[in-house]
Amino acid sequence: MLDYLVRRLLYALPILLGVNLLTFALFFMVNTPDDMARIHLGVKRVTPQAIEAWKAEHGYDRPLFINTQATGVDQVTDTLFVDKSLGLFAFDFGMADDGRDIAREIKTRMWPSLAIALPTFLVGLLCYVSFALLLTFFRGSALDRGGVILCVALMSISGLFYVIGGQYLMGKLWHWFPISGWQPGLDAWKFLVMPVVVGLVAGIGDSTRFYRALFLEEMGKDYVRTARAKGLSDLRVLFRHVLGNAMIPILTGVVVVIPRLFLGSLIIESFFGIPGLGSYTIDAIQAQDFAIVRSMVFLGSVLYIVGLVLTDISYTLVDPRVRLE
Amino acid sequence: MKPVLLWSDALLFLLMAGVLVLVWSMRHEDWLRDPWRHVMRSRIGAGSALLLVVFLAVGLLDSLHYRERLPREAGPPGATAQHSGEVLSALDWLLTDLRTRTEKTYSAPLATHLYVKESMKGPDGREVRDYPPLQYPRGHLLGTDKVGQDVLYLSLKSIRTGLLIGSLTTLVMLPFAITLGMAAGYFGGRVDDLIQYVYTTINSIPGVLLIAAAVLVVQAQIEAHPELFDTAAARADVRLLALCAILGITGWTGLARLLRGEVLKLREMEFVQAARAFGVGRLAILSRHLLPNVMHLVLITVVIDFSGLVLAEAVLSYVGVGVDPAMNSFGNMINGARLELAREPVVWWQLAAAFVFMFVLVLAANLFADQVRDALDPRMERKS
């Protein structure tokens, strides 16, 4: 087990390095520090001195990969790539362009993100799997056919519609909740309900159909016939055998995303004015603050790799045949 | 009139020609034709296919671009004709009435009067505040937007963008997915390790972030070189293509993983072993023996991805990393109209039009995709 974890962590290093190279290539080679300075200082009437000053101030005044002016090892290490990447590996995200500490922002903003993403995820999983079990139980009936058609219709509706429609109905028409905003502390629940409900509804079609297909595939297998032949009731087969055996494919899709819940949802958060990491990222994208975007990309990759490891561990919990060697 | 061929037009027509050639070449192959016949025989399959063809026709008409010649006012005869900077399409020409009949601002569907009150001269010469009559009463089936443009026209124009995003992206994605996925499965070993590394790396980056980052970079580059584009349409077009390329480059991993798994299985099958024993080269085995056997997976993925991409465009445009803000698209329509529900009375028609058009397109694509999957997936038992 420990062996396995160490190996996975070592394998994570080249991936994170690759992620860094990719974002670095995007942000620093295609879009050179000079371009960045120009974006921030305004395109017109920029003196070369002003650009140099901006670059020096934000630490972009070094060569990209190879420093010809340095000697020895410094030729490779005293460069922008090493400087910017090493910081990320130590989770030192540096300063955003507006001078704030990115790590601190992340620490304060991840709680609102989590407060929305976690309930959406948990309640969602419960609902979708239950709906799928219901449809599977009544497979072939009018309920099943109607449910599938409803799912296809629901998944054909743009996610933006659920957001805008939800805000209009629950916020403006019925006055149940404030349309958007945030309040720290326990009062936050008022602002939480609507994004969570909208997030839930938006995922129903896709997920229910996915889980139904999963269960139906299990239903066709031999062990189900054996269980039925033993005289077990349909309900018992469904919950004990099919659900249990479908656990592996379910976990494959589900566990990976758990760590990423910290990052929140870009769309939901910016629509509902939640000061979480999702809206932080969107604001950074719109303000072209590459330091923040790079940090979030890196964080997202780290969390994804953590998710992969967790997935493997979760397999051992539901299936005793799986061992991590 | 001077015809204009935008890059996306060229690619779209090329794609259509490719599909037609493919269909033509397989018209005598019963085993290839049968699944499609099965799709078309079902009511849902035929209906959704018909809807998609209608959308496609609108999109294709909207891809025949031209620039109108400006009326020559001064200058010596024989001087080179001046052309308008505005790029129009055959669809614009067909819908000239809708396009040019603009109002001052919002008006409800089939309304006779404007949405906002204005000061006017009453019949007795006094100033009164009332809703002024429209220039074209009952002329706007779906109403008009903030600047008075017909919403039906805007919706029809948005179809092309959705179709392009859905189809050109797959065009970018397929070469990556097919070559890398099959190579990983067939060659194994180092090649497999490397390809798996590449797609794990791409997968590990949150999708929207990678797309946003890439679009930002492209946008900055386009803004830095305004001299490369002679019209606004050409600039928007390049940005659209860049978006397709980015979506394609970030989106090939799913299909590649699927193909890798399938080829891994097929590689050990007897027909491949036999081919190998006969000394057939690796490339020939891959292209002649393995590719046809995974083609159904490719086709299914292509049709399923299409609807997802149409929906993604709206979200990306809302975030500000989608198509050019000046381009007609469902995302831009929604983005521009999202504050309208806060008005009193509610301006609902623009949002409704965008959502309904998108819903019909995506629903048709989803239903069609379901039928295609049922027909092509060998695991599905077909009732004939």
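Values quoted throughout were computed directly from the atomic coordinates according to the rules given, and no laboratory measurement underlies them. Note that the structure is a prediction, hence the values are computed from the model and not measured. All Cβ positions, even for glycine, are placed from backbone atoms using ideal geometry, and neighbour counts span all protein chains on display.
General observations
- Taken about its Cα centre, the protein assembly as shown carries a charge dipole of roughly 1880 debye when the Cβ of each Lys and Arg holds +1 and the Cβ of each Asp and Glu holds -1.
- Residue-averaged [θ]222 nm for chain A, counting only DSSP H segments that reach four residues, each worth -39500 (n - 2.57): -21000 deg cm²/dmol
- Working value for the range B:247-384: equivalent-ellipsoid semi-axes of 45, 18, 9 Å, each the square root of 5 times a Cα gyration tensor eigenvalue, largest first.
- The residues packed around B:D230, meaning those with a beta-carbon under 14 Å from its beta-carbon, carry a net charge of 0 if Lys and Arg are +1 and Asp and Glu are -1.
- Value of D in µm² per second that Stokes-Einstein yields for chain A, Kirkwood Rh from Cα pairs, at 37 °C (0.692 mPa s): 141 µm²/s
- Placing unit charges on the Cβ atoms of the charged side chains and taking the dipole of chain A about its Cα centre, the candidate lying farthest along the positive direction among A:V254, A:G199, A:G244 is A:G244.
- With Cα atoms, 0 to 90° folded angle of helix B:189-204 axis to chain B main axis: 20 degrees
- Cα convex hull of chain B - mean projected area over all directions, nm²: 27.3 nm²
- Over the protein assembly as shown, the fraction of Cα-Cα pairs per 20 Å bin, rounded to whole percents and listed from the shortest bin up, is 14, 46, 33, 7, 0.
- Only Lys, Arg, Asp and Glu carry charge here, each on its Cβ (+1 for the first two, -1 for the last two); on that basis the range B:290-384 has a dipole of about 180 debye about its Cα centre.
- For B:H83, the amide hydrogen comes within under 5 Å of the amide hydrogens of B:L70, counting only partners 5 or more places away or on other chains and with H modelled in the peptide plane.
- Loop-located chymotrypsin sites (Phe, Trp or Tyr not before Pro) in the range A:133-198 (DSSP state other than H, G, I, E, B) with a sparse environment of at most 15 neighbouring Cβ atoms within 10 Å: A:F138, A:W174, A:W176.
- Value at 222 nm in deg cm²/dmol, rounded to 500, when DSSP H runs of n ≥ 4 in chain B each add -39,500 (n - 2.57): -21000 deg cm²/dmol
- Restricting the calculation to alpha carbons of the range B:1-159 gives Rg and Dmax of 23.4, 80 angstrom.
- A dipole drawn for the protein assembly as shown from +1 and -1 charges on Cβ atoms has a positive end, and of B:V4, A:A284, A:L41 the residue lying farthest that way is B:V4.
- Think of each Lys and Arg Cβ as +1 and each Asp and Glu Cβ as -1; about the Cα centre, that makes the dipole of chain A roughly 1380 debye.
- Dipole of chain B, positive end: most advanced residue of B:L60, B:L20, B:P133 [Cβ charges, Cα centre]: B:L20
- Where trypsin sites (Lys or Arg not before Pro) fall in DSSP loop in the range B:95-137, at most 14 other Cβ within 10 Å: B:K117, B:R126
- Cross-link pairs exceeding 27 Å in C-alpha to C-alpha distance, out of A:K172/B:K146; B:K2/B:K157; B:K117/B:K157, comprise B:K117/B:K157.
- Selection of trypsin sites (Lys or Arg not before Pro), the range B:291-384, meeting DSSP coil and at most 12 other Cβ within 10 Å: B:R343, B:R379, B:R382, B:K383
- Based on C-alpha pairs under 8 angstrom that are at least 6 apart in sequence, chain B has a relative contact order of 20 percent.
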